[in-house]
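Input: a single structure, listed below in structure tokens.
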Amino acid sequence: MTSTIIPQLPATFASAENALAAIERAREYADASHAPGTRRAYASALRGFQAWCATCDVESLPAAPQTVVLYVTHLADFSKLATIRRHLAAIAHAHRERGLESPVAHEVVRRVVRGIARTNGAAQRRKAAITLDVLRAMLLAVRGHDLKVKRDRAILLLGFAGALRRSELAALDFEDLGWSREGLRVTIRRSKTDQTGLGSEIAVPYVATQSLCAARAVRLWLEATGITTGPVFRTFTLRSALSDRRIDGRDVANLVHTLAARAGVEGDFSAHSLRAGFVTSAAKAKVSLDSIARTTRHKSLTVLMGYVRPAQAFDDVALTSIIA
């Protein structure tokens with residue numbers, strides 16, 4: 001979604017050419033304030049709102065609070081609360097970037113959304129976690145020794161071992177990897193909770209079970225392909241030739257879906273299941289929260305506990321002590 005609010009340029013600009021260049025750079029910086037995935041989600045949500053407004057013959061920009069109220073009421077019949085909030089964020093963003101007052105902030109809109117949350121429930125349905133047993137089954141479904149097999153194994157193992165989001169896996173460059181006697185160091189340049197690019201580093205040690213060793217799998221993939229710069233994980237052409245194009249987060253999601261189905265494991269899995277599976281497996285192994293958070297980079301232990309509690313649901317349950 002291209003930003004349209006650009007400040008007035010001072011009269012001291014030497015030429016129209018310099019002014020146009022400055023405007024273009026300002027637009028690029030404004031667009032960079034949101035991650036590409038966020039911009040795509042906002043654009044999709046805004047198109048949905050505009051289409052609904054056109055059908056109802058009401059103005060979408062600027063939109064009246066009453067229009068937004070009717071729209072979220074319409075969405076509530078078939079959408080989750082998280083989806084409704086994403087649509088509201090897109091509507092608010094579209095108004096702000098054009099210097100318009102956001103109708104989303106109006107009390108009547110906020111009240112209706114609170115009512116939807118109370119009526120329909122705000123709890124999010126979590127995707128199934130790819131725990132160690134599930135991961136083993138999925139790895140067994142990746143058969144062969146060709147390049148695609150090596151890539152898919154490396155993606156699965158690194159996604160689990162580093163508790164990486166799909167966007168982080170897709171964004172990895174060769175330059176983000178560092179090797180030592182202990183294993184692999186992965187630098188995450190930017191993430192969902194680090195939009196300003198401060199960066200963080202994750203240690204992925206060598207493990208004794210070679211079939212589950214992410215560091216070895218990544219090294220094997222790089223050695224087999226000869227990749228020494230640019231994207232680590234790349235797509236293949238229709239003829240199964242390795243391309244120079246970086247994989248997309250959706251490629252990671254599709255890979256997880258495909259291998260879970262091929263392995264015959266039950267559950268609603270997504271790319272996020274690798275990250276959730278790391279936390280679940282670590283919690284079952286009684287790993288400390290601080291140690292888990294060093295890998296997952298959770299800034300809030302409250303959020304992290306949302307994954308840990310289900311994994312420890314049957315630990316120290318009172319009924320076990322009452323009825324032996």
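The values are calculated or read from the model by the stated rules, or taken from the named source; none is laboratory data. Since we're looking at a predicted model, the values are computed, not measured. Every residue, glycine among them, receives a Cβ derived from its backbone with ideal geometry; neighbour counts consider all protein chains shown.
Regarding I155, is this residue at pLDDT below 95 and under 30 Å from V308 (Cα atoms)?
Numbers: at pLDDT below 95: no; under 30 Å from V308 (Cα atoms): yes.
Criteria not met by I155.
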Practice prompt. Considering every residue within region 157-174, establish whether at least one is crowded, with 21+ Cβ neighbours inside 10 Å, over 17 Å from the mean Cα position of the chain (by Cα) and not in a strand (DSSP E or B).
Written response: yes
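Test R245 against the stated conditions and say whether it is assigned by TED's automatic domain parsing to the domain that holds S180 and more than 23 Å from R165 (Cβ to Cβ). Spell out the reasoning first.
Numbers: assigned by TED's automatic domain parsing to the domain that holds S180: yes; more than 23 Å from R165 (Cβ to Cβ): no.
Here the answer is no, as R245 does not meet what is asked.
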Worksheet item: Any idea how many residues of region 200-209 are in contact with a helix residue (DSSP H, G or I) (Cβ under 6 Å, 6 or more places away or on another chain) and either among the aromatic types (F, W, Y) or surrounded by fewer than 17 Cβ atoms within 10 Å (Cβ to Cβ) (or both)?
Response: 1
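Could you name every one of the helices (runs of 4 or more DSSP H) located completely within region 27-131 that has at least 3 residues being touching a His at 6+ places or on another chain (Cβ under 7 Å) and at pLDDT 90 or above? Full working, then the answer.
Working: elements: 36-56, 65-75, 81-96, 107-120.
Here the list reads 36-56.
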Practice prompt. Only residues in region 106-118 that are assigned by TED's automatic domain parsing to the domain that holds H74 count as the first member; pair them with residues that are surrounded by 15 or more Cβ atoms within 10 Å (Cβ to Cβ) and not in a helix (DSSP H, G or I), Cβ under 7 angstrom, at least 6 apart or cross-chain, and list the lot.
Written response: I116/A76
Worksheet entry | Any strands (runs of 3 or more DSSP E) falling wholly within region 192-280 and containing at least 1 residues that are of a type outside the set (V, I, T) and closer than 23 Å to T131 by Cα | 200-205
Fill in: Pair list, Cβ < 7 Å and 6+ apart or interchain, from region 237-263 residues that are among the β-branched types (V, I, T) to residues that are surrounded by 12 or more Cβ atoms within 10 Å (Cβ to Cβ) and not in a helix (DSSP H, G or I)
I247/F233; I247/R234; I247/T235; V252/A271; V256/F269; V256/S270; V256/A271
Worksheet item: Condition test on A92, is it surrounded by 14 or more Cβ atoms within 10 Å (Cβ to Cβ), outside the structural domain of V232 (by TED's automatic domain parsing) and farther than 26 Å from D268 by Cβ?
Response: yes
Worksheet item: Among the numbered criteria (1) closer than 30 Å to R151 by Cβ; (2) surrounded by 13 or more Cβ atoms within 10 Å (Cβ to Cβ), which single criterion is violated by L140?
Response: (2)
Response to the item:
Restricting region 281-324 to residues that are part of a loop (DSSP other than H, G, I, E, B) and touching a helix residue (DSSP H, G or I) at 6+ places or on another chain (Cβ under 7 Å), the one modelled with the lowest pLDDT turns out to be Q312
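Is it the case, given these coordinates, that A128 is surrounded by fewer than 20 Cβ atoms within 10 Å (Cβ to Cβ) and within 30 Å of L81 (Cα to Cα)?
Working: surrounded by fewer than 20 Cβ atoms within 10 Å (Cβ to Cβ): yes; within 30 Å of L81 (Cα to Cα): yes.
Judged against the criteria, A128 is a match.
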